[in-house]
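In what follows, a structure is listed as structure tokens, so that the remarks can point back to it.
Just so it is clear, none of the values below were taken in a lab; they were calculated from the coordinates. Just so it is clear, the model here is predicted, and its values are computed rather than measured. So basically every Cβ, Gly included, is an ideal-geometry build from the backbone, and we count neighbours across all protein chains shown.
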Amino acid sequence: MSPRPRVLVVVGAGGVGKTTLAAALALLSAREGTDTLVMTFDPSLRLKDALGVGDEARRRDVEVAVGEPGRLFASLLDARDTFDRLVERYAPDAKARDRILGNRFYDNLSGSLGGVLEYMAVERLFEVAASGSYGRIVLDTPPTRQALDFLEAPQRIIGFLDSGALRIALKPWFDEDGHLRPTRRLGFVGRNLEAFLDRIVGLEVLREMAEFFSAFGPLYEGFRERAGEVQSLLRAASTTFALVSAPGEERVPDTLFFARKLAEAGHRLGPIIVNRIHPPSGAERAPGADAPAENASGLRLLSWLGERDRRGLAGLRGLLKGDQALVEVPLLQREPTDLAALADLAVLLAKRLSGAP
């Protein structure tokens, strides 16, 4: 990992403990003396349980009690609230702002349209980074497919704003009486066509869409400029990506795919963290974890899992570049679900990131 990145983005597939590791890395940063914000855009919102914060973290950054020397805050993304703030920022006046915020099409779009969550994620990240309120921001992202959407969100926004489809949507399709302009010139045929469209699609829906795109017109340049700034932040020297994976040979292709995608997009890959590694065959088990002597099948399963993980690690290490950091995190006796357990994991991560055994 680059020395003390200002933004640390934790990415990886689902089910690998990524959210927990993001929380532990943020706690480690705070305990090292850096005021840190950990943000999650994972729809499961498991981070709030691990850090002991409630839904108020959707509305504001909530401080987590970790003691000296640094402070730790947690934030949960609310896509609608972030979108509303964008509208308020770029609307030319109060009337334009209210037209958008009161539009029913916007009401549905801002909370449910595919891609809005991912774009609001990068927008919120940029907003916090630009404020300079924290020495470090640790970002927990959705699972692999959605995390790729997150990385590509700024470019998709720019592509949409420059598309021909948007220019068509901005045309004045309805007149002052709420009728489709193209059908008015066709007389009786046009009225029948309009009635047909009303039955199939619903002219009210089309009017609201047209009103939304028209009202949004003055905001497009601000969105385009902001998307470009977000791209620059994600590719900045002060931003590092930590890739979390699970052990096992079947995980190697997915891990290498994500690492390649990050490199192709111009992002800086820090450590690859392989999480929940089973102990090797014959390794001494922790106190209290011993299985009954007669449970031979369970011991054979543990032995097989340990051997599988060893092969997966060896295969991954052999395919990585020599200077790529690979951090191994063992399977813990219990999932860290509170601050005390996260603190123990943070200590372990500090040792492994420094290269200590």
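Classify segment 2-79: rounded, prolate or oblate, from the alpha-carbon gyration tensor (a ≥ b ≥ c, eigenvalue square roots; a/c under 1.5 rounded; otherwise prolate if a/b is larger than b/c)?
oblate
With r as the distance between the Cβ atoms of E229 and L326 and R0 = 30 Å, compute the FRET efficiency 1/(1 + (r/R0)^6) and round to 0.05.
0.35
How much length, in nm to one decimal, is gained on full extension between E32 and R308, taken as 0.36 nm per residue of separation minus their Cα-Cα distance?
95.8 nm
List the pairs from K18/K321; K18/K351; K261/K351; K18/K48 whose alpha-carbon separation is above 21 Å, in the order I gave them.
From the list (K18/K321; K18/K351; K261/K351; K18/K48), the Cα-Cα distance tops 21 Å for K18/K321; K261/K351.
Points 7 angstrom from Cα along the Cβ direction at L101 and S297: gap in nanometres?
According to this spin-label approximation, the distance is 6.2 nm.
On a C-alpha basis, how far is the centre of segment 243-257 from the centre of segment 37-82 in Å? Whole number, if you could?
Measuring centre to centre over Cα atoms gives 28 Å.
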